[in-house]
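Written out below as structure tokens is the structure these notes cover.
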Amino acid sequence: MKRVLMVHASVRTERSSSRQLGYELVANWHQQFADLLVTQRDLNLSPLPHFSDATYAAFSGELESAASQQALALSESLIHEFEQADAVVFTVPVYNWSIPSTLKAYIDHLARSGRSFHYVDGECVGLLADKPVYLVIASGGAEIGSTEKQLIEPLAMMGVTDVTTLHASHLDTQQRAQKLAEIENRVSNLVDSAAAA
Ligand SMILES: Cc1cc2nc3c(=O)[nH]c(=O)nc-3n(C[C@H](O)[C@H](O)[C@H](O)COP(=O)(O)O)c2cc1C
């Protein structure tokens, strides 16, 4: 493994459990792969624009306006960044039973018909190469709604199905220490099995 893309969605930086767990995963890879390059995309510090009229026009092939050309260029740069990575780590807090809206915006720019997926005989076919993707999800309690599905389904649509979820739950409860220890153990086991592969 040479390149890892980390996509962070927590509004917190220093105290974010999802980021911390993601960093632990990648720190372990650093020990195995000396020349590992890690690209950080922070959706809180550098939020992406929402899907817009200009983005819609660009995705439909209408490139008359400067705004739609910019929207296409943004989508292309995000897809290129994703394609360059050998593995991708999403660090994801649960907000109101959902992924953060900043991460939804990221997915909306990544999922472009004719580039990251297309339709063949009415069936959706992904156009991105499959690669290991880790969803490091942090939640205060147990109720996370469709958070995981909100990432797994669009990734699968684009051809990315090698997805591993690491969910640290109950972080805002008295079970926090126990739940963090459990997930950190899983992170270590994952790294051990990657080393053995
Ligand atoms: C606005 C907001 C909404 C939240 N909604 C949920 C929720 O629906 N379910 C849940 O279990 N925790 C919820 N939480 C708790 C967070 O998921 C939890 O604190 C998590 O650790 C945040 O991730 P972070 O530590 O990476 O920032 C919410 C927190 C905030 C600030």
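The values are calculated or read from the model by the stated rules, or taken from the named source; none is laboratory data. From a predicted model like this one, the values you see are computed outputs, not experimental measurements. As a convention, Cβ positions derive from the backbone with ideal geometry for all residues, glycine included, and neighbour counts pool all protein chains shown.
There is at least one residue in region 86-103 that is over 28 Å from A27 (Cα atoms) and modelled with pLDDT of 95 or more.
Comparison of L78, L72, L45, L5 shows that the only residue that is loosely packed, with under 13 Cβ neighbours inside 10 Å and at pLDDT 95 or above is L45. Filtered by the rule that a residue be under 24 Å from A129 (Cβ atoms), out of contact with any strand residue (DSSP E or B) (no Cβ under 9 Å at 6 or more places or on another chain) and not aliphatic (A, V, I, L, M), region 62-82 gives S75, E76, S77, H80.
Screening region 32-42 for residues that are out of contact with any helix residue (DSSP H, G or I) (no Cβ under 8 Å at 6 or more places or on another chain) and at pLDDT below 95 and picking the one that is nearest to the ligand (Cβ to nearest atom) gives F33. Scanning region 1-12 for residues that are near the ligand (Cβ under 9 Å from one of its atoms) and assigned to a loop (DSSP other than H, G, I, E, B) turns up A9, S10, V11, R12. Among the residues of region 138-156, the one identified as farther than 15 Å from Y106 by Cα and more than 15 Å from the ligand (Cβ to nearest atom) is A156. Quick one: which residue in E83, E143 is in contact (Cβ under 8 Å) with a residue 24 or more places away in the chain, under 18 Å from S18 (Cβ atoms) and surrounded by fewer than 16 Cβ atoms within 10 Å (Cβ to Cβ)? None of the other options fit; the residue is E143. Would a scan of region 135-146 turn up a residue that is of a type in the set (D, E), over 18 Å from the mean Cα position of the chain (by Cα) and farther than 21 Å from E83 by Cβ? Within region 135-146, one or more residues are of a type in the set (D, E), over 18 Å from the mean Cα position of the chain (by Cα) and farther than 21 Å from E83 by Cβ. Hey, does region 9-23 have a residue that's touching a Phe, Trp or Tyr at 6+ places or on another chain (Cβ under 6 Å) and under 20 Å from Q84 (Cα atoms)? No, region 9-23 contains no residue that is touching a Phe, Trp or Tyr at 6+ places or on another chain (Cβ under 6 Å) and under 20 Å from Q84 (Cα atoms).
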